Amino acid sequence: MIDNKKTIKPYTIALCHQKGGVGKTSSAAALGASLSEKGYSTLLIDLDPSGNLSAGLGFNPDAVELSFADIFLSAVQPEAAVQHTAYGNLDLLASNAELVAISHYLFNKKQYENLLLDLLSGSALSEYDRVIVDCPPILDALTITALTAADLAIIPTPCEYYSLQALESVFALIKLVRGKTNPALRYRLLVTMFDRRGNFHRRVMEQVQAHYQNAILETVIGFDTKIRESQLLGLPVTVHAPKTRAAVQYRALAEELESYV
Ligand SMILES: Nc1ncnc2c1ncn2[C@@H]1O[C@H](COP(=O)(O)OP(=O)(O)OP(=O)(O)O)[C@@H](O)[C@H]1O
Ligand SMILES: [Mg+2]
């Protein structure tokens with residue numbers, strides 16, 4: 001059912017892919033930090049029960065008391081669940097184990113798809129300029145909730161066969177969400193972990209460009225070991241290594257996305 005409610009909400013980007021390890025979480029953290037660097041008040045939402053985004057920003061998911069799930073399961077005020085990071089106007093709605101429970105619970109709830117959308121348009125969270133949602137590597141109720149709230153779905157993908165093969169199911173889900181709850185949803189592919197010195201990646205990239213043409217973001221994220229290092233330290237890569245290639249590229253991505261807002 002298409003919900004025609006007029007909503008005012010922050011520009012919302014969901015990072016999603018059915019495949020694991022493609023760079024969803026790394027991109028969410030670095031993009032969020034780049035947007036906050038540009039002066040936008042930015043909320044990162046960790047919708048993955050594994051809590052990688054929260055951990056990557058220095059929050060231990062085992063110690064996180066309130067997540068997106070608690071807002072619904074325990075009627076917690078959304079702003080009370082938000083954590084402030086040490087990086088300017090970058091906030092985090094972190095992950096905890098309750099997200100596993102809510103993923104199952106949601107499927108049985110009427111119109112669950114709109115939960116995040118309603119939250120972002122009808123609570124104090126609507127005050128943010130930008131919201132970035134990190135989805136789990138599974139096309140489940142949480143991902144559908146994120147895509148229903150999103151203006152743009154970014155699908156990170158390395159230039160490797162299995163990630164590209166799994167794109168069809170992501171596109172099928174986007175089509176479903178467009179038909180049911182979010183007709184205005186756009187999507188773009190983001191090439192990640194690109195090895196510019198390797199012939200193989202360059203060849204696959206040519207095929208990806210020929211096949212997906214206008215659906216690919218211009219910014220390409222190269223392979224950069226500083227990303228892994230920054231996650232171990234619990235810092236955004238733009239903070240840990242401001243001049244490293246990936247930090248520069250994620251800032252360029254934040255700039256490129258301006259034209260989408
Ligand atoms: N540009 C990059 N260069 C090098 N390593 C990267 C890059 N981006 C991500 N990585 C590394 O690849 C691994 C997977 O990245 P990430 O966790 O962001 O993927 P994900 O899609 O969120 O995975 P999952 O589906 O398991 O949540 C991590 O160890 C991360 O440090
Ligand atoms: Mg992840």
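Its DSSP H runs of at least 4 residues, each contributing -39,500 (n - 2.57), put the calculated 222 nm mean residue ellipticity of the chain at -12000 deg cm²/dmol, to the nearest 500.
Label-to-label distance for residue 97 and residue 80 is 2.2 nm, based on points extended 7 Å past Cα in the beta-carbon direction.
Placing pseudo-labels 7 Å out from each Cα toward the beta carbon at residue 229 and residue 213 gives an inter-label distance of 4.1 nm. Separation of segment 35-54 from segment 68-141 is 11 Å, based on Cα centroids.
Using +1 at the Cβ of each Lys and Arg and -1 at the Cβ of each Asp and Glu in the chain, identify which of 93, 253, 107 lies farthest towards the dipole's positive end. Farthest towards the positive pole: 253. Our note on the geometry: Cα centres of segment 207-233 and segment 234-256, 12 Å apart. Taking a ≥ b ≥ c as the square roots of the eigenvalues of the alpha carbon gyration tensor, segment 21-95 is oblate, as a/c is not under 1.5 and a/b does not beat b/c. Defining a contact as two alpha carbons under 8 Å apart and six or more residues distant in sequence, what relative contact order in percent does segment 1-149 show? Across segment 1-149, relative contact order equals 39 percent.
Between 83, 231, 111, the GNM of the chain built on Cα springs shorter than 10 angstrom shows 111 fluctuating the most.
Under a model in which nothing but the beta-carbon of Lys, Arg (+1) and Asp, Glu (-1) is charged, segment 1-109 shows a dipole of about 500 debye around its Cα centre.
Can you tell me, using C-alpha contacts under 8 Å and at least 6 residues apart, the relative contact order of segment 147-239 as a whole percent? Could the numbers behind the result be given before it?
On the way: 102 pairs, mean separation 27.7, N = 93.
It rounds to 30 percent for segment 147-239.
About the Cα centre, and with charges only on the beta carbon of Lys, Arg (+1) and Asp, Glu (-1), how big is the dipole of segment 119-261? Nearest 20 debye, please.
Working: 15 positive and 15 negative charges, 62 e Å.
Its charge dipole is roughly 300 debye.
Think of segment 11-256 as a dipole: +1 on every Lys or Arg Cβ, -1 on every Asp or Glu Cβ, centred on the Cα centre; then among 15, 50, 60, 15 lies furthest on the positive end.
Shape of the chain from the C-alpha gyration tensor: oblate (a/c of 1.5 or more and a/b not above b/c, with a ≥ b ≥ c the square roots of its eigenvalues). For the chain, averaging the sequence separation of C-alpha pairs within contact (under 8 Å, six or more residues apart) and dividing by the residue count gives a relative contact order of 27 percent. Please label the shape of segment 86-143 as rounded, prolate or oblate, based on the square roots a ≥ b ≥ c of the eigenvalues of the alpha-carbon gyration tensor (a/c under 1.5 means rounded; beyond that, a/b larger than b/c means prolate, else oblate). Judged from the Cα gyration tensor, segment 86-143 comes out oblate (a/c at least 1.5, b/c at or above a/b).
If we sort 205-214, 188-197 on the protection proxy, mean other Cβ atoms within 10 Å, highest first, what's the order? Kindly include the intermediate steps, with their values, before the conclusion.
On the way: 205-214: 11.9, 188-197: 18.6.
The densest-packed peptide leads the list: 188-197, 205-214.
Projecting the Cα atoms of 150, 119, 166 onto the charge dipole of segment 64-186 (Cβ charges, centred on the Cα centre) puts 166 farthest toward the positive pole. Between residue 258 and residue 105, the contour length at 0.36 nm per residue exceeds the Cα-Cα span by 51.5 nm.
Taking the Cα centre of the chain as origin, sum charge times position over the Cβ atoms of Lys and Arg (+1) and Asp and Glu (-1), and report the length of that vector in debye to the nearest 20. Numbers along the way, then the final one.
Details: 23 positive and 27 negative charges, 162 e Å.
Result for the chain is approximately 780 debye, rounded to the nearest 20.
Provide the packing ranking of 218-228, 145-155, i.e. peptides ordered by the mean count of other C-beta atoms within 10 Å per residue, highest first. Each step should come with its number before you reach the end.
Working: 218-228: 17.5, 145-155: 25.3.
Ranked by mean Cβ neighbours within 10 Å, highest first: 145-155, 218-228.
Working ranking of peptides 24-32, 113-121 by packing, defined as the average number of other Cβ atoms within 10 Å per residue, highest first, is 24-32, 113-121. Applying a 4.7 Å cutoff between beta carbons, the unpaired cysteines of the chain are 159.
Throughout, read-outs are computed from the coordinates displayed, never taken from laboratory work. Every value quoted in this text rests on a predicted model; they were computed, and no experiment measured them. With ideal geometry, Cβ positions are generated from the backbone for all residues, glycine too; neighbour counts draw on all protein chains shown.
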